[in-house]
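Right, one structure below, let's go through it.
Since every read-out is calculated from the coordinates, none of them should be taken as a lab result. Because the structure is predicted, anything quoted here is derived from the model rather than measured. Methodologically, a virtual Cβ is constructed for each residue, glycine included, from the backbone with ideal geometry; neighbour enumeration extends over all protein chains shown.
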Amino acid sequence: MNEPAPPRRVYVAGLSHETNSFSPMPTAIRNFEQDVCYRPTDPARREPALAFPGYGDAVSVVRDHGDLVIEGPFFWTQPSGPMPIALYESLCGDILSGLAAAGPVDMVVLNLHGAMMARGLSDCEGDLLARMRAQLGWAVPVGALLDLHGNVSPRMIESGAILIGVKEYPHIDYRERAEELYRVLCDMAAGAAHPVTTLLPVPVLSLQGTTEQPMRGLVDDLQQYERLDGILSVTLMHGFPWADGEHTGASVLVVSDGDREGAVLALAEEIASRFTDIVAGQPVERLGVTQAVDEALATSPGSGPVMIADSSDNPGGGAACDSTFLLQELVKRDVRNVAVGMIWDPQAATLAADAGVGACLPIRIGGKVGPMSGDPIDLDVEVLNVRSDARQRVFSDEPNDPLGLAVLLRAGGIEIVVNSHRQQVFSTECFSEMGVDLAAKSLVVVKSSQHFRASFDRLSRRTIYCDGPGTLTTDLEHLPYRSLGVTRRGAMFAVDRPVMASRFPKAGSNS
């Protein structure tokens, strides 16, 4: 009778930051400590890491397979500017030191982003993966979960890591992608698969959601392509246009079992062509501030509010989250029955909290970080609610992300959520936890680009995308790129980069 195989020893760690080269927000260790900064020597910080999409999913998947998780560090913070190189070296060093301390492992699972940059280092993921491969040698499978907004470099592929990105935006499929990645790694470890990862860069800069056609159909087809003979995984990386680097742009990643160069290239080119046609032929309509409010007010009455996504001030892409352009327009027009949130203004939140619920006071909100935030707005407000324990859901069943000190203010017919923890609106709790009856509102403005739709679509009757002034403007032609290294034409750019393939050595090889 054969003895059951012992559990695999799996090292799980991560370092994730979506870096916006044009963001006015600096990135420091304090930012990670406020968000997710977990080292196994500090168990008090473990819960936020396990609740975070990607890292927590990977830990859960490994355990569900009956294998042994060796928890390594995990670091994440809100998108912002390039971090100091010394900070990157420190966090990367923690992950590599944790791997060394783990002893022999059968595989490594990482939660990365794909668009992380430090000052003087434009490809942090490529650097981290190369260092890990140098430390491990070639006998241990390594896999990484990526955000689809990553900019994939040849160095990342050359590390031999299996790279699998989420397919959905909103990113509601981290658990499924963790399962997908772990299946591939287990087959590698057992010698049942010999994956080849192929990268096809796609010369496109864009921002595309996946909730509506035609992108919805393309995402559904990606999963159908994975049923083709020998195809283990297909990822369409949308890229992150606001990370100004040599490899910025979309790409197709195909993981195949063995060398199927002709078939894989044809598949990748088909996906790339379909994506390019979508971007060029049916761009998402993004209106200016005045036009967005016009459209919202002209929408026929119905059940649920009209949503305006203030996408250019989305902190989930590196914006400050304190712009006032839309709020100014609503106040100027005396629009009623509106909710706006969340505006990041710790000073205003503290002043309103000190005044207390029921207080009426003049207050200055927003417009503090820089020109892309607009001018501060002076309002006479009533304090409707004050909380320091409110949370929102981030692709989870339970609210797990603290809002910090949060206040609900009323100015005329507008209710405004102001908070002290800079973050985008993911879920309806940003308002409902503060006492806002969203279903009764005519109009709701959220500081988010797309993630909010996973929670708000069931409630709203229409979504309008607003591209006002801000760090995340989709008017990419006017951004001061320096490193892109290509000639841009609108949303498209010309580039000549080869297909890259990484052939992982067979088990037992040390080459």
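Points worth noting:
- Whether the range 138-192 is rounded, prolate or oblate, judged on the alpha carbon gyration tensor where a/c under 1.5 counts as rounded: oblate
- Within the chain, helices built from complete DSSP H runs that reach 27 Å or longer along their own axis (Cα positions) and carry a mean Kyte-Doolittle hydropathy of 0.5 or higher are 261-281.
- Within the range 208-293, trypsin sites (Lys or Arg not before Pro) in DSSP loop having at most 11 other beta-carbon neighbours inside 10 Å: R227
- Between the range 333-364 and the range 1-42, the alpha-carbon center distance in angstrom: 35 Å
- Counted charge near Q328, where neighbours are those whose Cβ lies closer than 11 Å (Asp, Glu -1; Lys, Arg +1): -1
- Around the amide H of G165, modelled in the peptide plane, lie the amide H atoms of L146, all under 5 Å away and 5 or more residues distant in sequence or on another chain.
- Taking a sphere under 15 Å around the Cβ of P104 and counting the other residues whose Cβ falls inside, with K and R at +1 and D and E at -1, yields a net charge of 0.
- Comparing V252, T198, G120 along the charge dipole axis of the chain, the residue lying farthest to the positive side is G120, per the Cβ-charge model.
- For the range 289-466, the convex hull spanned by the alpha carbon atoms encloses 96 Å³ per residue.
- Less than 5 angstrom separates the built amide H of G288 from those of D467, all sequence-distant by 5 or more or on a different chain.
- Placing unit charges on the Cβ atoms of the charged side chains and taking the dipole of the chain about its Cα centre, the candidate lying farthest along the positive direction among V69, L438, A320 is A320.
- Value at 222 nm in deg cm²/dmol, rounded to 500, when DSSP H runs of n ≥ 4 in the chain each add -39,500 (n - 2.57): -8000 deg cm²/dmol
- Neighbour cut-off at most 16 other Cβ (10 Å), DSSP loop, trypsin sites (Lys or Arg not before Pro), the range 70-157: R119
- Amide H within-cut-off set for V340, under 5 Å, with H built and near neighbours excluded: E415, I416, V417, V445
- Fewest neighbouring Cβ atoms within 10 Å first, the residues I95, I416, I70, I365 line up as I70, I95, I365, I416.
- Cα-centred dipole magnitude for the range 289-466, charges only on beta-carbon of K, R (+1) and D, E (-1), debye, nearest 20: 280 debye
- Point-charge dipole on Cβ atoms (K/R +1, D/E -1) for the chain, about Cα centre, debye to 20: 340 debye
- Cα gyration tensor, the chain - rounded (a/c under 1.5), prolate or oblate: prolate
- From phi via Karplus (6.51, -1.76, 1.60), per-residue ³J(HN,Hα) for the range 157-163 in Hz, x at Gly/Pro: 5, 5, 6, x, 6, 7, 10
- Sorted fewest first by neighbouring Cβ atoms within 10 angstrom, D173, D389 come out as D389, D173.
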